[in-house]
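Engineer: The structure under discussion is supplied below as structure tokens; questions concerning it will follow.
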């Protein structure tokens, strides 16, 4: 019976890995924040940190496919021209994470902890 319990988990992880691969492909080719051509125009890109695609990738890695869907959907819905943007961390990632701090873009250096989106 153990295979029955783990099969849904394996499918969820497999789907998450597949979507992560698509996200990485998008980031390397079309992304205004991550691709070589996108980096030529520093004014374009996501209003949030981490970027929407990076947020989705991290969330999928940490939570799997099913548990990530709502978080990713809600993040993309909020990423509009009328949004103030800011630091919106994926679940399980702290603002004091050294890796996160080392990749913080200059436009977010003056944002305090009070501007974090929950």
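The values are calculated or read from the model by the stated rules, or taken from the named source; none is laboratory data. Because the structure is predicted, anything quoted here is derived from the model rather than measured. With ideal geometry, Cβ positions are generated from the backbone for all residues, glycine too; neighbour counts draw on all protein chains shown.
Engineer: Which one of these does residue 36 not meet: (1) in a helix (DSSP H, G or I); (2) modelled with pLDDT under 80?
Structural biologist: (1)
Engineer: Do we find a residue being surrounded by 10 or more Cβ atoms within 10 Å (Cβ to Cβ), part of a helix (DSSP H, G or I) and at pLDDT 85 or above anywhere in the range 83-101?
Structural biologist: The answer is no; no qualifying residue exists.
Engineer: Suppose we filter the range 51-66 for residues that are surrounded by fewer than 21 Cβ atoms within 10 Å (Cβ to Cβ), assigned to a helix (DSSP H, G or I) and over 8 Å from the mean Cα position of the chain (by Cα); how many remain?
Structural biologist: 5
Engineer: Also, quick follow-up: Does the range 70-82 hold any residues that are outside any loop (DSSP other than H, G, I, E, B) and over 12 Å from residue 55 (Cα atoms), and which are they?
Structural biologist: Restricting attention to the range 70-82, the residues satisfying the condition of being outside any loop (DSSP other than H, G, I, E, B) are 70-78.
Result: 70, 77, 78.
Engineer: With the requirement that a residue be in contact with a strand residue (DSSP E or B) (Cβ under 6 Å, 6 or more places away or on another chain) and within 28 Å of residue 9 (Cβ to Cβ), what does the range 66-89 give you?
Structural biologist: Of everything in the range 66-89, just one residue is in contact with a strand residue (DSSP E or B) (Cβ under 6 Å, 6 or more places away or on another chain) and within 28 Å of residue 9 (Cβ to Cβ), namely 88.
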